[in-house]
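**Student:** Before I ask anything, let me first share the structure, which is written out below as C-alpha cells.
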Amino acid sequence: MNIKEKYEVAKKEYEKWGVDVDKVLENLKKVKISIHCWQGDDVAGFEVDKKELSGGIAATGNYPGKARNPEELRKDLDKALSLIPGKHKINLHAIYAETNGEVVERDEIKPEYFKNWVQWAKERGLGLDFNPTIFSHEKAKDGLTLSHPDKEIRDFWIRHSIASRKIGEYFGKELGQPCLTNLWIPDGYKDIPSDRFTPRKRLKESLEEIYKVKTDEKYNLDSVESKVFGIGAESYTVGSSEFYLNFASRNGVIPLMDTGHYHPTEVVSDKISAMLLFFDKIALHVSRPVRWDSDHVIVLDEELKEVAKEIVRNDAVDRVVIGLDFFDASINRIAAWTIGTRNMIKALLSAMLTPNDKLKKLQEEGNFTERLALMEEFKTYPMGDIWNYYCEINNVPAKEKWIDEVKQYENKELSKRK
C-alpha cells in the first residue's frame, strides 16, 4: 500500500472513537512552532565585537559546518524548513542583528538591524519572535545583570530590554502576526547567598521600568522566563519560578516555562493546566534536560507527549505559545532542527488523535481500569501512517527520507565551511 492507502486504513481506526482525522490535520496545520535560530550557529550570534559565550550557557560539540554569517544561517533554516511540515515562526536573539560592520552596543539596537530577517520572513510567510540577549557580555560577566548592585549596569540592560521590545513590535507590524519578546537573565550566585531578597527587589524594579514602556499587544507580546539554577548560579537564581509567576500575574505579562528550567523531578506537563486557570496565555520553551538543563534535541518521549496532550485536551492550542530551545553542536545542525521540530509536531498530532473526551469521561466516572487500558492501547495505534500522509500533503519528505536530503546538503554546502 502507498502512503495515501495506509492513511485511509489508519483513519478508520481512529474514526471508531469519534476522531475526525481530516479535521485533525487541518487544525494541526494552523499550529505555529517558534523555531530557535541559535541551533544553527551554537548561540554565537553576529555581533562585530563577538563575545565569549557565558551566562551558564554551553553548546558542546564541534560538528563541522555551523553557520558563520546571517546568509548561511538563513540558508540552513530554509533547508530545515523544507523538511518540516507547516508554516512556523523563527525565534531570534538580539545578537543576530546585522549592523553592516558597525559596532553597536546592545542598548542601541534598532529595528533596522533586522530588516533582512523581516524581508526573509515575509517572502516565506513566516513569523518572528525575539529575545534580548542578556548574557555573553562584559556587563554580565560577574553573574548579575538586571539585579546588579551597580545602577549603571542595571540601566544598560533595562535600555537593551526596552529596545528589544520595540524590535518585537516592529516584527509584529511588518509580518502581521504578534511577536513574542521573551526576557531571560542568568542572574544568580554560585554559592549560598547571604541576601536573597535584595537582588530580587532590584530585579522587580528593573522589570517595572522595562514594562512601564508600553508596546501594542496586537504586535508584541511580552513574556518572562524563570530558571531553577545554572552553571555559575548553582545555589541561587534571582529569577525563580515563584518570582516570575507573581510578577507576570501582577503585571500582565506572559509566564514562559522552559522544560529544562526546573528541578529534575518536576515536569512542565503537570504545570500547564494549573497555569491555564490563571493566565489567558502561557509560553513554552521545549527542550530535553539530561540530568540538568542541557538543551538536548527533543525526542518523542513520554514527557513531550504529555506536554502536547495538556495543550490539546484543554483546548489551549491558541493559548500556548510553543517555542523550542535546544542547541546541540555534536550533530548536524539542520538535522537537529528537523528532528526536534518534527517531534514537537508529532506529539501534537498524537494528542489530537486521542479521544480525549472519552478518556475524561472515564476518569469522571471513576472507571480507572478502562481509562488506563485505552491510554495504553492508543500508544500503538497507527499514528505513523497519519504522520506520513501529513508530511506528503505538506510537500515534505515522509518517514526517514529527509535524512538523505540533509546528507546531500552537508556534502554540497556544510562541508565547504571551514
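The values are calculated or read from the model by the stated rules, or taken from the named source; none is laboratory data. In this text the structure is predicted, and so the values were computed from the model without any measurement. Cβ coordinates were reconstructed from backbone atoms using ideal geometry, including for glycine residues, and neighbour counts include every protein chain displayed.
**Student:** Applying the selection to region 220-276, what residues are under 14 Å from Asp293 (Cα atoms) and either among the charged types (D, E, K, R) or under 15 Å from the mean Cα position of the chain (by Cα) (or both)?
**Tutor:** Glu225, Ser226, Lys227, Glu234, Met257, Asp258, Thr259, Gly260, His261, Glu266, Val268
**Student:** In region 391-418, how many residues are outside any helix (DSSP H, G or I) and surrounded by 15 or more Cβ atoms within 10 Å (Cβ to Cβ)?
**Tutor:** Taking region 391-418 and keeping what is outside any helix (DSSP H, G or I), we get 394-398, 413, 417-418.
Okay, now just the ones that are also surrounded by 15 or more Cβ atoms within 10 Å (Cβ to Cβ), so 394, 396-398, 413.
Within region 391-418, residues that are outside any helix (DSSP H, G or I) and surrounded by 15 or more Cβ atoms within 10 Å (Cβ to Cβ) number 5.
**Student:** Give the number of residues within region 232-253 that are touching a strand residue (DSSP E or B) at 6+ places or on another chain (Cβ under 7 Å), of a type outside the set (Phe, Trp, Tyr) and buried (at least 20 other Cβ atoms within 10 Å of the Cβ).
**Tutor:** Residues of region 232-253 that are touching a strand residue (DSSP E or B) at 6+ places or on another chain (Cβ under 7 Å), as a first pass: 233, 235-238, 244-245, 247-248, 253.
Narrowing the set further to residues that are of a type outside the set (Phe, Trp, Tyr) leaves 233, 235, 237-238, 245, 248, 253.
Okay, now just the ones that are also buried (at least 20 other Cβ atoms within 10 Å of the Cβ), so 233, 237-238, 248, 253.
Matching residues across region 232-253 total 5.
**Student:** Please work out if Ala94 is more than 23 Å from Ile403 (Cα to Cα), touching a Pro at 6+ places or on another chain (Cβ under 7 Å) and hydrophobic (A, V, I, L, M, F, W, C).
**Tutor:** Details: more than 23 Å from Ile403 (Cα to Cα): yes; touching a Pro at 6+ places or on another chain (Cβ under 7 Å): yes; hydrophobic (A, V, I, L, M, F, W, C): yes.
Here the answer is yes, as Ala94 does meet what is asked.
**Student:** Condition first: modelled with pLDDT of 95 or more, under 28 Å from Thr259 (Cβ atoms), not β-branched (Val, Ile, Thr) and not in a loop (DSSP other than H, G, I, E, B). Now tell me which residues in region 209-231 satisfy that.
**Tutor:** Hits for region 209-231 are Tyr211, Asn220, Leu221, Asp222, Ser223, Glu225.
**Student:** Can you tell me which residues in region 117-129 are in a helix (DSSP H, G or I), without any contact (Cβ under 8 Å) to a residue 40 or more places away in the chain and over 13 Å from Phe171 (Cβ atoms)?
**Tutor:** The one that is in a helix (DSSP H, G or I), without any contact (Cβ under 8 Å) to a residue 40 or more places away in the chain and over 13 Å from Phe171 (Cβ atoms): Glu123.
**Student:** Name the single residue, out of those in region 205-226 being under 10 Å from Thr181 (Cβ atoms) and among the polar types (S, T, N, Q), that is surrounded by the most Cβ atoms within 10 Å (Cβ to Cβ).
**Tutor:** Restricting to residues being under 10 Å from Thr181 (Cβ atoms) and among the polar types (S, T, N, Q), the top hit is Ser223.
**Student:** Let me ask something else about it. Assess whether Lys4 counts as being crowded, with 17+ Cβ neighbours inside 10 Å and over 22 Å from Asn91 (Cα atoms). First the steps, then the outcome.
**Tutor:** Values: crowded, with 17+ Cβ neighbours inside 10 Å: no; over 22 Å from Asn91 (Cα atoms): yes.
Taking the combined requirement at face value, the residue does not satisfy it.
**Student:** For Lys305, all conditions in the list (1) surrounded by 21 or more Cβ atoms within 10 Å (Cβ to Cβ); (2) in a helix (DSSP H, G or I); (3) free of Cβ contacts under 8 Å to residues at least 60 places away in the same chain hold save one; what is the number of the exception?
**Tutor:** (1)
**Student:** For the condition in contact (Cβ under 8 Å) with a residue 12 or more places away in the chain, over 21 Å from Pro186 (Cβ atoms) and surrounded by 17 or more Cβ atoms within 10 Å (Cβ to Cβ), what is the one hit in Leu81, Leu92?
**Tutor:** Working: Leu92 fails: over 21 Å from Pro186 (Cβ atoms).
Just one listed residue meets the conditions, Leu81.
**Student:** Please state which of the following conditions Phe130 fails to meet, knowing it meets all the rest: (1) under 19 Å from the mean Cα position of the chain (by Cα); (2) more than 30 Å from Ala347 (Cα to Cα).
**Tutor:** Exception for Phe130: condition (2).
**Student:** While we're looking at this one, here's another question. Test each condition in (1) surrounded by fewer than 16 Cβ atoms within 10 Å (Cβ to Cβ); (2) among the polar types (S, T, N, Q); (3) assigned to a helix (DSSP H, G or I); (4) touching a residue at least 40 places away in the same chain (Cβ under 8 Å) for Ser330 and report the one that comes out false.
**Tutor:** The one condition Ser330 does not meet is (3).
**Student:** Can you report the number of residues in region 142-166 which are of a type in the set (Lys, Arg), surrounded by fewer than 21 Cβ atoms within 10 Å (Cβ to Cβ) and either under 13 Å from Arg106 (Cα atoms) or touching a residue at least 40 places away in the same chain (Cβ under 8 Å) (or both)?
**Tutor:** The initial filter retains those residues of region 142-166 that are of a type in the set (Lys, Arg), namely 151, 154, 159, 165-166.
So of that shortlist, the ones also surrounded by fewer than 21 Cβ atoms within 10 Å (Cβ to Cβ) come out as 151, 159, 166.
Okay, now just the ones that are also either under 13 Å from Arg106 (Cα atoms) or touching a residue at least 40 places away in the same chain (Cβ under 8 Å) (or both), so 159, 166.
Here the count works out to 2.
**Student:** Hey, could you check region 130-182 for residues that are part of a loop (DSSP other than H, G, I, E, B) and polar (S, T, N, Q) and say which is farthest from Ser34 (Cα to Cα)? Step through it out loud before you land on a result.
**Tutor:** Just the residues of region 130-182 that are part of a loop (DSSP other than H, G, I, E, B), to begin with: 132-137, 141-150, 176-178.
Imposing the further condition that a residue be polar (S, T, N, Q) reduces the set to 133, 136, 145, 147, 177.
Details: Thr133: 17, Ser136: 23, Thr145: 26, Ser147: 28, Gln177: 12 Å.
This residue is Ser147.
**Student:** For the structure I just gave you, tell me whether Thr354 is polar (S, T, N, Q) and within 18 Å of Gly86 (Cβ to Cβ). Step through it out loud before you land on a result.
**Tutor:** Values: polar (S, T, N, Q): yes; within 18 Å of Gly86 (Cβ to Cβ): no.
Judged against the criteria, Thr354 is not a match.
**Student:** Is at least one residue of region 94-116 in a loop (DSSP other than H, G, I, E, B) and within 22 Å of the chain's Cα centre (by Cα)?
**Tutor:** Filtering region 94-116 down to residues in a loop (DSSP other than H, G, I, E, B) leaves 97-105, 109-110.
Imposing the further condition that a residue be within 22 Å of the chain's Cα centre (by Cα) reduces the set to 97.
Yes, because at least one residue in region 94-116 is in a loop (DSSP other than H, G, I, E, B) and within 22 Å of the chain's Cα centre (by Cα).
**Student:** Is there a residue in region 233-241 that is in contact (Cβ under 8 Å) with a residue 40 or more places away in the chain and of a type in the set (Phe, Trp, Tyr)?
**Tutor:** yes
Each row is one residue, and each column tells you yes or no for (1) touching a Phe, Trp or Tyr at 6+ places or on another chain (Cβ under 6 Å); (2) surrounded by 20 or more Cβ atoms within 10 Å (Cβ to Cβ); (3) of a type in the set (Asp, Glu).
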site: Lys16; (1), (2), (3): no, no, no
site: Asp20; (1), (2), (3): no, no, yes
site: Lys30; (1), (2), (3): no, no, no
site: Ile35; (1), (2), (3): no, yes, no
site: Trp38; (1), (2), (3): yes, yes, no
site: Asp41; (1), (2), (3): no, yes, yes
site: Lys50; (1), (2), (3): no, no, no
site: Asn62; (1), (2), (3): no, no, no
site: Glu72; (1), (2), (3): no, no, yes
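**Student:** Just to be sure I understand, how many residues within region 267-282 are in a loop (DSSP other than H, G, I, E, B) and either closer than 20 Å to Asp222 by Cβ or touching a residue at least 12 places away in the same chain (Cβ under 8 Å) (or both)?
**Tutor:** First pass over region 267-282, keeping only residues in a loop (DSSP other than H, G, I, E, B): 267-268, 277-281.
Okay, now just the ones that are also either closer than 20 Å to Asp222 by Cβ or touching a residue at least 12 places away in the same chain (Cβ under 8 Å) (or both), so 267-268, 278-281.
Result for region 267-282: 6.
**Student:** Please determine whether any residue of region 333-341 is surrounded by fewer than 17 Cβ atoms within 10 Å (Cβ to Cβ), touching a helix residue (DSSP H, G or I) at 6+ places or on another chain (Cβ under 7 Å) and assigned to a helix (DSSP H, G or I).
**Tutor:** From region 333-341, those surrounded by fewer than 17 Cβ atoms within 10 Å (Cβ to Cβ) are none; that's our starting set.
No, because not a single residue in region 333-341 is surrounded by fewer than 17 Cβ atoms within 10 Å (Cβ to Cβ), touching a helix residue (DSSP H, G or I) at 6+ places or on another chain (Cβ under 7 Å) and assigned to a helix (DSSP H, G or I).
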